[in-house]
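Take a look at the structure below.
The values are calculated or read from the model by the stated rules, or taken from the named source; none is laboratory data. Small disclaimer: the values here were computed from a predicted structure and weren't measured. For neighbour counting, all protein chains shown are included, and Cβ atoms are generated from backbone atoms with ideal geometry for every residue, glycine included.
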Amino acid sequence: MATVIAPQPKVGMVSLGCPKALVDSERILTKLRADGYAMSADYAGADVVLVNTCGFLDSAKEESLAAIGEAIAENGRVIVTGCMGSEAELIRAKFPQVLAVTGAHQYEDVVEAVHQAAPPSQGPFIDLVPQVYADDGGIKLTPRHYSYLKISEGCNHACAFCIIPQLRGKLASRRIDAVLREAEKLVAAGTRELLVISQDTSAYGVDVRHETRTWKSREVRTHMTDLARELGGLRTPDGTPPWVRLHYVYPYPHVEAVIPLMAEGLITPYLDIPFQHAAPNVLKAMKRPANEAKVLERLREWRAICPDIAIRSSFVVGFPGETEADFQYLLDWLDEAQLDRVGAFRFEPVEGAAANDLPDPVPEAVKEERYARIMEKTEAISAAKLASKVGRVLPVIIDEVGEPDEDGDTGATGRSQADAPEIDGAVYLRNVPEGLRAGDVAQVLIEDTDAHDLYGVIAGN
Ligand code: SF4
């Protein structure tokens with residue numbers, strides 16, 4: 001007698017928010033695939049739709065609520081997860097038909113909610129647990145050649161403009177052996193670039209007193225330096241080291257220990273440090289960690305050890321109480337700091353953040369004007385720094401290869417070591433040879449630059 005196998009239930013996913021939320025979505029989907037679910041690319045084909053929300057800014061909340069509304073209108077069977085899960089009442093009041101609301105990182109709860117909403121089919125033919133992140137198994141929303149590696153959740157700080165600690169709780173570091181195993185699998189499956197993310201990468205392991213674990217018969221501490229060294233020791237299937245990029249690092253003194261690893265080529269010479277401001281009284285009002293005057297000195301020391309290090313940062317303008325003198329201090333500081341990549345934001349109150357109660361809000365028109373000035377300043381710095389790269393040959397990781405044009409010239413887009421995906425610039429290549437693929441690392445002669453991007457050709461081509 002033939003065994004009748006019920007069709008696989010299908011899950012749709014709408015993923016909003018930051019790279020960290022994307023990693024959560026990947027994990028949830030990987031687990032659901034392992035449980036026998038298929039994925040649906042559209043609302044109509046889904047038995048249930050998961051909306052992974054972001055609640056960091058009020059504008060992100062609105063986007064999340066709009067996404068929930070759309071999923072309900074289009075499909076009707078909706079489960080909400082992610083940062084806005086901590087506001088279940090609000091969601092239920094607006095959308096009583098939502099099937100379940102779970103919080104950020106409650107993977108088991110989300111998966112259980114999906115099981116309730118659309119029970120999985122059972123059977124030996126569909127119950128195979130896919131090899132997570134293997135060629136045919138892992139569900140990855142990022143291109144295969146780069147992957148985010150989340151090392152901890154939550155944060156021990158209390159920055160006045162931020163509600164992450166309320167949403168995600170105190171710092172909880174993942175075991176270093178588990179992080180390294182995940183990284184090793186990713187690299188074995190084709191990842192050429194690992195992007196280390198957390199809320200505060202330099203604090204990794206503080207909550208577990210930097211406990212030691214065994215990895216490959218070695219003792220490794222749950223610490224950023226040990227993590228960086230071990231990640232730098234991984235090898236792709238063709239024997240090359242992956243790029244390892246550190247995000248959300250604060251300039252604590254111990255950060256200095258990773259700079260020699262960059263100089264040795266073990267990890268990518270790139271640090272993403274969200275300074276947010278430079279004026280001491282604004283930093284104080286923001287309650288920022290590592291808020292001290294030595295930052296410029298540190299930058300000089302780091303550049304002396306690793307001249308190619310690229311420093312990326314983000315800044316908030318128009319924070320309550322920011323005076324013209326504070327803002328000018330920031331512009332002068334940027335002249336000194338000569339950061340490679342800068343993102344700027346106008347201060348936006350976030351519901352529940354301490355900064356909302358601060359006096360002296362900055363008028364919107366002043367925020368706009370300061371935003372335009374900081375962009376002008378940082379673009380000029382970036383343009384000059386990039387111009388100095390003309391004539392150099394730089395390693396570039398290829399993100400996308402185009403189709404040949406009418407002259408048979410094929411272009412490609414990639415990134416130098418100074419460019420993280422999605423937030424920094426790009427390298428545009430002309431006339432690439434046949435066979436070049438996304439994930440390849442090519443040596444590129446830089447021919448031209450503008451304020452954000454580089455233009456070049458494969459060296460020796
Ligand atoms: S360090 Fe500050 S801004 Fe970053 S997550 Fe923690 S509280 Fe928020």
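Across segment 322-365, what is the number of residues that are of a type in the set (A, V, I, L, M, F, W, C), over 29 Å from the mean Cα position of the chain (by Cα) and surrounded by 16 or more Cβ atoms within 10 Å (Cβ to Cβ)? Before you say what the answer is, go through the steps one by one.
Taking segment 322-365 as the starting set, the residues that turn out to be of a type in the set (A, V, I, L, M, F, W, C) are 325, 327, 330-331, 333-334, 337, 339, 342, 344-345, 347, 350, 353-355, 358, 362, 365.
Add one more test, that the residue is over 29 Å from the mean Cα position of the chain (by Cα), and what stays is 325, 358, 362, 365.
Filter again for surrounded by 16 or more Cβ atoms within 10 Å (Cβ to Cβ), leaving 358, 362.
The qualifying residues number 2.
Based on what the data block shows, is THR378 under 19 Å from GLN276 (Cβ atoms) and without any contact (Cβ under 8 Å) to a residue 40 or more places away in the chain? Spell out how you get there, then give the answer.
Numbers: under 19 Å from GLN276 (Cβ atoms): yes; without any contact (Cβ under 8 Å) to a residue 40 or more places away in the chain: no.
So THR378 does not fit the description; no.
Pick out, from segment 261-360, the helices (runs of 4 or more DSSP H) lying fully within it that include 3 or more residues that are in contact (Cβ under 8 Å) with a residue 40 or more places away in the chain, away from the ligand (no atom under 15 Å from the Cβ) and aromatic (Phe, Trp, Tyr).
Helices (runs of 4 or more DSSP H) meeting the threshold: 324-337.
Going through segment 166-178 one residue at a time, which ones are within 14 Å of the ligand (Cβ to nearest atom) and free of Cβ contacts under 8 Å to residues at least 24 places away in the same chain?
Result: GLY169, single match.
Every residue in segment 165-186 that is crowded, with 21+ Cβ neighbours inside 10 Å and either of a type in the set (D, E, K, R) or part of a helix (DSSP H, G or I) (or both), please.
Result: LEU167, ILE176, VAL179, LEU180, ALA183, LEU186.
For segment 140-156, state whether one or more residues are within 16 Å of the ligand (Cβ to nearest atom), of a type in the set (Gly, Ala, Ser) and not assigned by TED's automatic domain parsing to the domain that holds GLY414.
yes
Considering only segment 379-402, I want to know if a residue exists there that is of a type outside the set (Val, Ile, Thr), within 27 Å of the chain's Cα centre (by Cα), at pLDDT 95 or above and farther than 27 Å from ALA459 by Cα.
Taking every residue of segment 379-402 in turn, at least one turns out to be of a type outside the set (Val, Ile, Thr), within 27 Å of the chain's Cα centre (by Cα), at pLDDT 95 or above and farther than 27 Å from ALA459 by Cα.
Determine which member of the set SER173, SER152 is among the hydroxyl-bearing types (Ser, Thr, Tyr), touching a Gly at 6+ places or on another chain (Cβ under 6 Å) and under 30 Å from VAL350 (Cα atoms).
On the way: SER152 fails: touching a Gly at 6+ places or on another chain (Cβ under 6 Å).
Every option except SER173 fails the conditions.
Would you please list the contacts, defined by Cβ atoms under 6 Å and residues six or more apart or on different chains, that run from a residue in segment 411-433 that is touching a residue at least 40 places away in the same chain (Cβ under 8 Å) to a residue that is part of a loop (DSSP other than H, G, I, E, B) and of a type in the set (Gly, Ala, Ser)?
Going by the 6 Å Cβ cut-off, the qualifying pairs are ASP419/GLY425.
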